[in-house]
Amino acid sequence: MLSASIDEVLQRTYEKELKIGSLITLFSLVAIFISIVGVFDLVVFESEYKRKEIAVRKVLGSTTGEILYRFNVSYFWILLICFVFGAPVAWYGMHR
């Protein structure tokens with residue numbers, strides 16, 4: 001039969017693009033996962049590296065909140081810088 005519905009024709013026409021879109025989504029999720037693991041490892045490494053400093057601060061009377069604030073400020077600035085550069089790129093990619 002030579003007649004095909006418009007949906008079938010469009011499905012065959014854009015099949016390759018749909019597969020590429022799925023592949024890009026998969027690689028994006030893998031990249032995000034690797035980034036999250038990297039940030040987690042960085043935090044664990046730095047907290048182990050500064051373990052003695054944390055202990056001294058705790059002994060001298062710092063609260064847990066003060067210690068967390070002191071060590072998370074640097075990560076906040078990194079996150080802010082990444083957002084400042086990443087948000088316009090993401091916006092451009094979405095509205096292109």
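Read-outs throughout are calculated quantities, based only on the coordinates presented, and are distinct from any laboratory measurement. For clarity, every value in this text was computed on a predicted model and none was experimentally measured. When we count neighbours, we look across all protein chains shown, and the Cβ atoms used for this are built from the backbone with ideal geometry, even at glycine.
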Labelled set (i) 2.39; (ii) 1.92; (iii) 1.07; Cα Rg over 2.2 N^0.38 Å computed from this model equals the value at (ii)
When the chain is treated as a Gaussian network with springs between alpha carbons less than 10 Å apart, the largest mean-square fluctuation among E15, E46, E66 is found at E15
Across the Cα atoms of region 1-49, what radius of gyration and what greatest pairwise Cα-Cα distance (Dmax) are found, in Å?
21.1, 71
Among the lysines, which fall within straight-line cross-link reach of K50, defined as a Cα-Cα distance under 23 Å, with same-chain neighbours fewer than 8 residues apart omitted?
K58
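Let me make sure I get this right: for region 36-81, a, b and c are the square roots of the gyration tensor eigenvalues over alpha carbons, sorted descending. Under 1.5 in a/c it's rounded, otherwise prolate if a/b > b/c, else oblate. Which is it?
Working: a/c = 3.15, a/b = 1.60, b/c = 1.96.
Because a/c hits 1.5 or more and a/b fails to exceed b/c, region 36-81 counts as oblate.
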Residue (of I54, I6, F40) at the positive-pole extreme of the chain, dipole from beta-carbon charges:
I54
Toy charge model, Lys and Arg Cβ at +1, Asp and Glu Cβ at -1: the chain dipole around Cα centroid in debye, rounded to 20, equals 420
Out of the chymotrypsin sites (Phe, Trp or Tyr not before Pro) in region 1-79, which ones are loop residues according to DSSP with at most 15 other C-beta atoms within 10 Å?
Y14
